[in-house]
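The values are calculated or read from the model by the stated rules, or taken from the named source; none is laboratory data. Predicted, not measured: the structure shown is a model, and the values here were computed from it. Here Cβ is always computed from backbone atoms with ideal geometry, including for glycine, and neighbour counts include all displayed protein chains. What goes into the accessible areas is simple: the full protein's heavy atoms, side chains included, and nothing from ligands, DNA or RNA. Shrake-Rupley method; radii C 1.70, N 1.55, O 1.52, S 1.80 Å.
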Amino acid sequence: MDPSNSDGLINSLIDTAEYAEFRDEVRTWLAEHLVGEFYEHRGVGSPTDDTAWDVRVAWERELSEGNWLGLTWPKEYGGRAASLAEEIIFEYEYARAAAPARVSVQALELLGPTLLAHGTEAQKARFLPRILAVEEMWGQGFSEPGAGSDLAAVRTKAVLVDGEWHLDGQKVWTTFGDRADWLYVLCRTDPDPARRHRGLTLLLVPVDQPGVEIRPIANIAGSTEFSECFFNDARTTEDMVVGGVGNGWKVVMSTLNRERGAALLPTQLAVEREVVGLIEAAKRRGAVDDRRIRQRLVDAVIGVHLMRCTNMRVVGDLLHPRDGRAASTAAAGVSKLFASTYHQRLGELALEIYGADAVFDRAAETEEARKLFLLSRAETIYGGTSEIQRNIISERVLNLPR
């Protein structure tokens, strides 16, 4: 199986003759700049892995200097005003080159588009150029100990006093929160229980102040991508409201929709490489002599093809919208649900192929197999639990009763 086989499907969705010059520009730039220390860290890191953080920050600043961040953002904020097709081409070529995972996902993929859609002109001018210059890092303050998938249960409160918002409460599972300069925090600004959804507001909160405490949480693989954040009379100014007071639910839903539909192709190509690597490892270690392992490898290849086809449907609907959004919504929901459970099975297969070495051996390839298994355990939880995804598909796509 060759990950580049996806090229034909991409070509069928995007007129490559029209975008040939842009694609060549991307490939040339990556070939010229993905060198030295950056090349040595190809494929390193992920949204759940802070490995080689400083190298990845330096790489992202290299991307910034090349004007490759925020491609579709308006030029006045530092973007290129590129088309969606060009953004997809870039992300695809970036994934093919196995460039290091970017560290500003929270800002580039989530907060930035949210500010473009709901932020004030002052907020856009203040924050967007700094995001693209990789000068400020952001963390997401949504989930709480008692409000994970059910964000309407958020209890962190914010009260406006003399032009400042005062925050009290706790957030958890804040990705790269210990690296953040700012947090975008969903708060309850109206305590009326009858206004469960309408009483929420999204605030931009600086981290460097006495009222904010961030504690990193080490995951099962030893990475500290998650943190818990405590607000004890933390402050932010009145103008740091995104989308208006009481509109936090609507604003956050647009952010989550972006999160759940982002990075389909890069994720797919990364998984394809993992499958290729496991097939090669199984051959080296003689595991292919086991009929059961052979069958599971076949199932893994079939799963990659299913993932690829589903992702292409989502991309196709984004590029060439049909009647309504039902098709792309259904495909995106199914894609997330399938990919997370599939990746867990792939991690389990990796452990079987490496056997006891997966526990005791410290070689690089064995370490990768171990991380695949451990990190995939959380994929059916973060970004929307599988249970919630099934509810969304049943209610919003299949129109089944609650």
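List the helices (runs of 4 or more DSSP H) inside segment 309-402, counting only whole elements, that have at least 2 residues being modelled with pLDDT of 85 or more and open to solvent by 30 Å² or more (accessible area, probe 1.4 Å).
Ranges flagged: 326-354, 364-376, 386-392.
Being under 19 Å from the mean Cα position of the chain (by Cα) and either crowded, with 23+ Cβ neighbours inside 10 Å or on the phi < 0 side of the Ramachandran plot (or both), is that true of even one residue in segment 154-167?
No, that holds for no residue.
Just name the residue that is modelled with the lowest pLDDT out of those in segment 70-86 that are in a helix (DSSP H, G or I) and open to solvent by less than 30 Å² (accessible area, probe 1.4 Å).
By that ranking, first place goes to ALA85.
If I go through segment 21-53 residue by residue, how many of them are under 17 Å from ALA97 (Cα atoms) and either assigned to a helix (DSSP H, G or I) or at pLDDT 90 or above (or both)?
21
From the residues in segment 280-292 that are touching a residue at least 60 places away in the same chain (Cβ under 8 Å) and surrounded by fewer than 19 Cβ atoms within 10 Å (Cβ to Cβ), which one is nearest to ARG42 (Cα to Cα)?
Here the residue is ALA281.
Output the number of the condition that PRO193 fails; it satisfies all remaining conditions of (1) over 22 Å from ALA107 (Cβ atoms); (2) under 19 Å from the mean Cα position of the chain (by Cα).
(2)
Only one of (1) open to solvent by 30 Å² or more (accessible area, probe 1.4 Å); (2) touching an Asp or Glu at 6+ places or on another chain (Cβ under 9 Å); (3) part of a loop (DSSP other than H, G, I, E, B) fails for ASN67. Which number is that?
Against the list (1) open to solvent by 30 Å² or more (accessible area, probe 1.4 Å); (2) touching an Asp or Glu at 6+ places or on another chain (Cβ under 9 Å); (3) part of a loop (DSSP other than H, G, I, E, B), ASN67 comes up short only on (2).
Test each condition in (1) touching a strand residue (DSSP E or B) at 6+ places or on another chain (Cβ under 8 Å); (2) touching a residue at least 40 places away in the same chain (Cβ under 8 Å) for VAL134 and report the one that comes out false.
Unmet condition: (1).
Out of curiosity, is VAL276 open to solvent by 20 Å² or more (accessible area, probe 1.4 Å), touching a Pro at 6+ places or on another chain (Cβ under 9 Å) and not polar (S, T, N, Q)?
yes
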